[in-house]
1. Considering only residues that are more than 17 Å from residue 393 (Cα to Cα) and of a type in the set (Lys, Arg), which ones fall in segment 235-250?
2. How many residues does segment 79-107 contain that are under 18 Å from the mean Cα position of the chain (by Cα), outside any strand (DSSP E or B) and of a type in the set (A, V, I, L, M)?
3. Residues that are of a type in the set (S, T, N, Q), modelled with pLDDT under 90 and open to solvent by less than 30 Å² (accessible area, probe 1.4 Å): does segment 209-217 have at least one?
4. Considering each of 177, 240 in turn, give the residue that is acidic (Asp, Glu) and modelled with pLDDT of 80 or more.
5. Do you know which residues across segment 108-141 are at pLDDT below 85 and assigned to a helix (DSSP H, G or I)?
6. Of the residues that sit in segment 435-447 and are over 20 Å from residue 278 (Cβ atoms) and in contact with a Cys (Cβ under 8 Å, 6 or more places away or on another chain), which one is modelled with the lowest pLDDT?
7. What tally of residues in segment 49-67 results from selecting those that are surrounded by 12 or more Cβ atoms within 10 Å (Cβ to Cβ) and among the polar types (S, T, N, Q)?
8. Check whether at least one residue in segment 267-278 is under 24 Å from residue 408 (Cβ atoms) and of a type in the set (Gly, Ala, Ser), and report yes or no.
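The values are calculated or read from the model by the stated rules, or taken from the named source; none is laboratory data. From a predicted model like this one, the values you see are computed outputs, not experimental measurements. Virtual Cβ from ideal backbone geometry, glycine too; neighbours counted across all protein chains shown. Keep in mind that these areas ignore ligands, DNA and RNA; they rest on the heavy atoms of the full protein, side chains included. Shrake-Rupley method; radii C 1.70, N 1.55, O 1.52, S 1.80 Å.
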Amino acid sequence: MELCEEALRKQLGKYKFRDLTIEELKNFNKTYPNFVFSMNTYTFKDGSQKDLLNFSGTVPVKYGNSYNIPVHLWIMDSHPFAPPICFLKPTANMGISVGKHVDARGRIYLPYLQSWSHPKSTVIGLIKEMIAKFEEELPLYSLSSSDAARQSELLSYIAKITEGETDMKSKGKIGGDKDGCFNKITVVGAGDLGMACVLAVAAKGAADKVVLLDLSEGAAKGGTMDLEIFSLPNVEISKDFSASANSKVVVLTVNSLGNAQTYLDVIQSNVDLFRGIIPAISHYSQNSVLLVASHPVEIMTYVSWKLSAFPKSRVVGTGGNLDTERLQYILTNLLKAEVLGKDAWIVGEQGEDKGNQIETMAARNSREKVANRALEVLKGKGQRSWSVGLSVADLTDSILKDKRKVHSISILAKGCCNINSEVFLSLPCILGTNGVIEMIKLEEDPLVLEKLQSSAASIHDLQQQLKL
């Protein structure tokens, strides 16, 4: 179908990089003229909607015989800096073969999408990889007449998927865990923090297998290469999201390294990055706990929760765990205030302006004096990668071993402390195999409540400006 550039330019009025998008689509149209372009509304998992350019057509695949595989691509409004969202578009006599690169809903997952980077990545390149992967594992099969009749009943659902995702979750688990007790952890991101998490988790010994998912371009670099050279037992390095399948915990350490100018731009870059990660992770590990260490941790935990559609109990952030453990250590071992040390937590927002909550039966004045001394000592401590890695290992240990230990981590705070918005803040809670089991009730200190509500308001304002 020949593109009308003038009409397309009007339709793409809200696209951030309209000229780049049009130029690429013109090139694509020359190579694949059978694709039909249109503007439609796409519905994301969180219920938000956007008018996006999308196109449908068939890609030629040789699998013994020659097949034309129908696909449907949605072009994001931040294209070409964000990857398209891709689905199969089966007809009534076709069934979806759930496999390494396709889920039960027909969504397509490819390494090319996961490592998408402009200007290296293009829609033409994406189609080429799609063809190559489909020639390894055919994504569709022909149904018998009776199966076709049943399939036709599902077409309305399939249509909804190709027009935009629903909140309906696939009931079939991909792959399956042969050993129900197998403890597997995936760390996403091979930067300093990701490496620190892998080493700390491996040293802790709670996991039977640790997968480091390296999303960087090109061959293994730096620490990742060293890990391959000096291989550790039970540690696997991969660039393919399928390697994360059936993880009990997935740790997210990635941060965008773009050239964003403002703080909001930095966060939006991370959101765009997570758009290409969270759906794939939630596809391969549908029952995992997502543990977010990316910054800003409260907002990126919220983004992970929205994009994954996981229950709130299974999406948490590292939050105040590191500083809480430090504070408890300072109180108990350096200041010899064991009673205070047991029930002292750093709560609220990660950063310099944190609230803190200390529960004890001791007199208020002496409590505050000791607490202030402890916080002065704590101020000298930074958030180094290896320190956060140790904190992550501590949290994964509690989850895998179902320790039901109290941690101050980023959880959904709505309904607590008169907070009515969907924001994540560090609050003490009991952590177990399925994530958050129970939140610990805070002492009603007016100052702490005021700080928590202030943090919630500022985080909520930022979230409202993001494009999920």
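1. 239
2. Residues flagged as under 18 Å from the mean Cα position of the chain (by Cα), outside any strand (DSSP E or B) and of a type in the set (A, V, I, L, M) within segment 79-107 amount to 1.
3. Our first condition is that a residue be of a type in the set (S, T, N, Q); within segment 209-217, this holds for 216.
Subset that is modelled with pLDDT under 90: 216.
Pick out the ones that are also open to solvent by less than 30 Å² (accessible area, probe 1.4 Å) and you get none.
Scanning segment 209-217, I find no residue that is of a type in the set (S, T, N, Q), modelled with pLDDT under 90 and open to solvent by less than 30 Å² (accessible area, probe 1.4 Å), so the answer is no.
4. Working: 177 fails: modelled with pLDDT of 80 or more.
The match here is 240.
5. 114
6. Here is the first cut: in segment 435-447, the ones over 20 Å from residue 278 (Cβ atoms) are 437-447.
If we keep only those that are in contact with a Cys (Cβ under 8 Å, 6 or more places away or on another chain) as well, we get 437-440, 442.
Details: 437: 94, 438: 93, 439: 92, 440: 89, 442: 82.
Among those that are over 20 Å from residue 278 (Cβ atoms) and in contact with a Cys (Cβ under 8 Å, 6 or more places away or on another chain), it is 442.
7. If we filter segment 49-67 for residues that are surrounded by 12 or more Cβ atoms within 10 Å (Cβ to Cβ), which is where we start, we get 50-61, 63, 67.
Filter once more, keeping what is among the polar types (S, T, N, Q): 54, 56, 58.
Residues flagged as surrounded by 12 or more Cβ atoms within 10 Å (Cβ to Cβ) and among the polar types (S, T, N, Q) within segment 49-67 amount to 3.
8. Scanning segment 267-278, I find no residue that is under 24 Å from residue 408 (Cβ atoms) and of a type in the set (Gly, Ala, Ser), so the answer is no.
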